[in-house]
Amino acid sequence: MKVLDQTLLEKVMIERCRQSHKGNYGRLLLLGGTYPYGGAIIMAALAAVKSGAGLVTVGTDRENIPALHSHLPEAMAFSLQDQQLLKEQLEKAEVVLLGPGLRDDAYGENLVKQVFAGLIQNQILIVDGGALTILARTSLSFPSNQLILTPHQKEWEKLSGIAIEKQNKDATASALTSFPQGTILVEKGPATRIWQAGQSDCYQLQVGGPYQATGGMGDTLAGMIAGFAGQFRQASLYERVIVATHLHSAIAQELAQEHYVVLPTEISHEIPKMMKKISQKST
């Protein structure tokens with residue numbers, strides 16, 4: 001079991017190059033927030049933008065777009081019913097986050113199938129929330145893209161077949177052998193573990209706590225992971241995911257010194273300040 005150290009934090013979160021532009025920091029596509037889960041995709045988008053993503057586009061229910069833009073005018077948005085725009089945005093994206101607030105129904109299933117079929121080489125796919133449930137229920141084949149899975153304990157139970165009470169390090173290591181080589185798994189729980197299929201060991205968080213047990217926490221983490229996946233290319237994707245996951249809980253732990261419960265949107269508010277602090281140490 002590995003533990004993240006300051007060296008890895010500073011390796012990933014470096015200061016920005018003066019000659020860079022928004023295209024250097026990731027073109028992200030976030031898909032989800034179907035009725036009645038509109039808030040989930042808003043929280044994911046907020047976290048992605050606050051994590052420094054260059055361009056964030058959100059596909060969601062048309063009725064959800066005014067609420068999204070009232071919270072986050074920086075994100076572009078379109079209706080998931082607009083098939084032409086969905087196709088165009090899917091082709092442009094470098095990172096696709098599929099599932100925050102995606103309802104497990106026929107429409108959600110069709111969207112997952114459409115995204116899986118429409119992905120092109122070198123795109124990173126993060127599967128979260130409702131898309132994980134649909135994936136487990138339908139036994140769809142994984143696309144050949146770089147995969148990041150972010151299940152909580154119940155979702156991991158459905159995906160892996162491991163009952164929650166039996167979800168230990170050995171059981172997960174064994175289950176991960178049936179996933180595509182290189183798949184990154186963020187196994188969320190009281191002691192979140194981050195794995196990569198093909199590696200025998202994993203990282204385990206030493207931060208976080210029950211003050212994070214509230215709706216939207218996973219959506220915010222998924223957005224942060226997407227944000228980090230689109231930038232910091234001097235580090236491996238696995239390292240970027242580890243650091244994003246750590247930062248999410250580290251911010252929560254700091255906020256919990258004064259708050260009984262930590263809201264996901266409060267974490268997002270603090271992301272740029274924490275990233276600035278760490279990046280200055282790396283120089």
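The values are calculated or read from the model by the stated rules, or taken from the named source; none is laboratory data. These numbers were taken from a predicted model, which means no experiment stands behind them. Neighbour counts run over all protein chains shown; Cβ positions are idealised from the backbone, glycine included.
Quick notes
- Answer residue from the range 43-88, given it is touching a strand residue (DSSP E or B) at 6+ places or on another chain (Cβ under 7 Å), among the small types (Gly, Ala, Ser) and not in a strand (DSSP E or B) and is surrounded by the most Cβ atoms within 10 Å (Cβ to Cβ) among those: Ala44
- Taking the criterion of being over 19 Å from the mean Cα position of the chain (by Cα) and not small (Gly, Ala, Ser), the residues of the range 254-273 that qualify are Glu254, Leu255, Gln257, Glu258, His259, Tyr260, Val261, Lys273.
- Any hit, the range 103-116, residues being in contact (Cβ under 8 Å) with a residue 60 or more places away in the chain, of a type outside the set (A, V, I, L, M, F, W, C), at positive phi and part of a loop (DSSP other than H, G, I, E, B): no
- Among the candidates Ala222, Ala244, residue that is among the aliphatic types (A, V, I, L, M), within 18 Å of Met275 (Cβ to Cβ), in contact with a Pro (Cβ under 8 Å, 6 or more places away or on another chain) and modelled with pLDDT of 95 or more: Ala222
- Qualifying position, being modelled with pLDDT of 95 or more, part of a loop (DSSP other than H, G, I, E, B) and aromatic (Phe, Trp, Tyr), among Phe228, Phe232: Phe232
- Set side by side, the residues Leu237, Leu255 differ, and just one is touching a residue at least 60 places away in the same chain (Cβ under 8 Å), surrounded by fewer than 24 Cβ atoms within 10 Å (Cβ to Cβ) and either out of contact with any Lys or Arg (no Cβ under 9 Å at 6 or more places or on another chain) or small (Gly, Ala, Ser) (or both), which is Leu237.
- Among the residues of the range 89-102, those that are of a type outside the set (D, E, K, R) and either in a helix (DSSP H, G or I) or out of contact with any Lys or Arg (no Cβ under 8 Å at 6 or more places or on another chain) (or both) comprise Gln89, Leu90, Val96, Leu97, Leu98, Gly99, Pro100, Gly101, Leu102.
- Among the residues of the range 164-180, those that are among the small types (Gly, Ala, Ser) and either in contact with a Cys (Cβ under 9 Å, 6 or more places away or on another chain) or outside any helix (DSSP H, G or I) (or both) comprise Ala173, Ser178.
- Residue count for the range 196-222, restricted to those that are touching a strand residue (DSSP E or B) at 6+ places or on another chain (Cβ under 7 Å) and within 21 Å of Pro100 (Cα to Cα): 1.
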